[in-house]
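The values are calculated or read from the model by the stated rules, or taken from the named source; none is laboratory data. Keep in mind it's a predicted model, so treat the numbers as computed, not measured. All Cβ positions, even for glycine, are placed from backbone atoms using ideal geometry, and neighbour counts span all protein chains on display. Areas reflect the complete protein model, heavy atoms only, side chains present, ligands, DNA and RNA absent. Shrake-Rupley method; radii C 1.70, N 1.55, O 1.52, S 1.80 Å.
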Amino acid sequence: MTTNAAVSRADQGADLHRLIFELTSRATAVPFSQFVGEVTAKLAGFYGSSVGRIFLGGSQQPVGAADLHDCLKHLSVADRELFDRHDAQLAHEVRRTGRPAKLSQLPTKPGFEKLLRETLGLGEGYGLPIQSHGKTQGALCLYHRDPVRFSKADLQSLQALGNVLQGSVKQDDGSARYLEDVREKDKKMQHYKLHLQKIEMILEELRALTMARSVLLIERTAEFIAKRGEDLPYDESHLNVLLAGGYEASKRIAGLLGSTGEKMVVHEGEGESVLVKEVASRALLAIIYRDHDVPQLIAEWANSAAARLEEELAALGEVRIL
Amino acid sequence: MTTAVQPRIGSNRFLLKKDTHEIGLILNRFQENTRCRSVLLIDEAGHLVSKHGEDTSPREATVIALLAGTFQTTRRLSRLLGAKEFSSRVDCGMRDLMMLQVGDDALLAITLGDESTSTLVRTYALESIRRLEKVFHGAAERSEESALEESGWKGNDTFARAVTDRLDALFG
């Protein structure tokens, strides 16, 4: 790319390579946003630019920006928008053609010329393609007071930077997604714990009311959800399977005999009894209790607890799939 | 309604016609007293011993199979809890179902009616179970020979003689 004036240093090529090497070594050490910010600032500083911006992909917003002389700091909102619009236009032109471009070659809005030269004190804007794997992946826009000449070596060095930036974008996408996943899972886990605590609280209340030996909440498929009360002296998975199987069979029999209403199964033994009540069509509440003066009350409490558990189970179901 | 059920041999027990008749009487009285919709007596293998009340014939086989499964489940559950005797009750509004153990290997399944009260049904059921167990006990003590003798089955002598003659002719 040739520019109007030739302001170049003799060892610019070697310095740029050194700079790019230093910058790329930072790619994995810092977060992507910090890395691209550093790249923009260093490149703008290297070329003596007042303002530098890097655009990647098809984005209209720069991923990295540097305002070395605080030119943009005091701009009004309207002027800032005007500048940003032309900046994005320059980046778009570079990405479209895959070639360097100058701001002065593009059509500008009324008032921009005055903004650039008088308000900002800048002379020209240069757009350089950032390429990787033969494709233009983005653009580096630099704004200068005085004209600058860029060589092929500059563009080749930027290509090396383009490969690193492209790799960092992919890495950053992955890690950002991973972190987002972790945060989301953590949030869900907190909700899950909260609802589980509420369920355990309801079971504890029910156990205290019924003076039950144990109160269990299991899935209809016999998987354990929660339990309150004393540890039972036998394999609880067997108990869960028997409770779930017995309930399903009883429900089916009742259905065949013409019953469609709410169902409750009570297994009455000599000293101990088990009451099984369905909760929200997906779980079973089982109360293992010793002889009780008013067993009807246990059924009433079970109904009441089942209604409360239904709400918690619904909320639990929403956050269960992690 | 009382349905006649073929005497069935199961669980080392030979039920004769007089036994099934007695079982029928017990269940019939039970149904009259409790006004339940139906009462089924089933053995642990899922064989229907006797039934009274509403006809559930289209779904009877399914109901009996499920009852036998529930019977085994409840029995296992009661053993886990350390109980020798048990009963199950399915509360489902107008058609509550009650299942009670009869002896070691049979089950009484009662479908309650609109006019039935579970406490009354349970009281009468326990009394009926005591009588049924007596019938079962008598049947269990009966040997095969005495069962055949009591039933009046004399076999077919002509057929047996013909088979023996044929075998003698063949082998000398």
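Quick notes
- Count of residues meeting criterion [in a loop (DSSP other than H, G, I, E, B), among the small types (Gly, Ala, Ser), open to solvent by 20 Å² or more (accessible area, probe 1.4 Å) and closer than 24 Å to residue B:61 by Cα] in region A:250-276: 2
- Residue A:317 modelled with pLDDT under 90, within 11 Å of chain B (Cβ to nearest Cβ) and open to solvent by less than 70 Å² (accessible area, probe 1.4 Å): no
Each row is one residue, and each column tells you yes or no for (1) under 30 Å from residue A:76 (Cβ atoms); (2) at pLDDT below 90; (3) surrounded by 15 or more Cβ atoms within 10 Å (Cβ to Cβ).
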site	(1), (2), (3)
A:88	yes, no, yes
A:91	yes, no, yes
A:100	no, no, yes
A:118	yes, yes, no
A:133	no, yes, no
A:136	no, yes, yes
A:166	no, yes, yes
A:182	no, yes, no
A:190	no, yes, no
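- Pick from region B:63-81, criterion facing chain A (nearest Cβ under 7 Å) and touching a strand residue (DSSP E or B) at 6+ places or on another chain (Cβ under 7 Å), ranking: most open to solvent (accessible area, probe 1.4 Å): B:81
- Scanning region B:113-126 for residues that are farther than 15 Å from residue B:27 by Cβ and either within 9 Å of another protein chain (Cβ to nearest Cβ) or modelled with pLDDT of 85 or more (or both) yields a count of 3.
- Selected residue (only one of B:85, B:60 is open to solvent by 20 Å² or more (accessible area, probe 1.4 Å), more than 22 Å from residue A:255 (Cα to Cα) and within 12 Å of chain A (Cβ to nearest Cβ)): B:85
- None of A:247, A:234 is assigned to a loop (DSSP other than H, G, I, E, B) and in contact with a Leu (Cβ under 9 Å, 6 or more places away or on another chain) except A:234.
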